[in-house]
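Let me begin by presenting the structure, written as structure tokens, before commenting on it.
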Amino acid sequence: MTDVPALPAVWRPRTTRLVAYTTAGVIVLGMVALAVVVAPQFKMFDRVLMVAFGAVVAWVLHMLARCRVGADESGLTVVNAFRTRRLEWPEVVDVSMTTGDPWPTLDLADGTSLPAMGINGAEKARAAHQLAELRALLHTRGEAPDPA
């Protein structure tokens, strides 16, 4: 049984962040360098668009790298690429991730599910440990008390 982590707790994918930010830096630097050394037939507008394209790609990569799952006393905050969702503990019924899944799925009390991209399935052992910690927190805090 995994120990319940102290709150607040945050789970982030390490590899995704490293690859995304490294790639973003290379793309932006490459586009700036290309805009500076490109043939003279390219106008200033074309050069600005090259740098702007690099900036847009970097922004998309940042949105992927910012994914995380945070837990505090009142619930979970799931930050996915383009959406952040705040959940109270009783709203989350379970968390599941089968072998080969890119990230776990939170099963919600209203019958829907929510991907938790902050735990990266490609980081096998790390993902299993993070999933076990999240699951332990859900079992101690997530279940609503039975009305008696």
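The values are calculated or read from the model by the stated rules, or taken from the named source; none is laboratory data. Please read these numbers as outputs of a predicted model, since none were measured by experiment. Cβ coordinates were reconstructed from backbone atoms using ideal geometry, including for glycine residues, and neighbour counts include every protein chain displayed.
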* Asked: Restricting to the range 77-99, what's the tally of residues that are within 17 Å of the chain's Cα centre (by Cα) and under 19 Å from Arg126 (Cα atoms)?
  -> 6
* Asked: Which of the residues belonging to the range 62-76 are within 12 Å of the chain's Cα centre (by Cα) and closer than 17 Å to Ser113 by Cβ?
  -> Cys67, Val69
* Structure fact -> Picked from the range 92-145 (must be within 16 Å of Val78 (Cα to Cα) and of a type in the set (Ser, Thr, Tyr)), the residue surrounded by the fewest Cβ atoms within 10 Å (Cβ to Cβ) is Thr112
* Asked: Hey, any hits in the range 38-61 for a residue that's exposed (fewer than 15 other Cβ atoms within 10 Å of the Cβ), at pLDDT 95 or above, closer than 21 Å to Glu123 by Cα and in contact with a helix residue (DSSP H, G or I) (Cβ under 7 Å, 6 or more places away or on another chain)?
  -> no
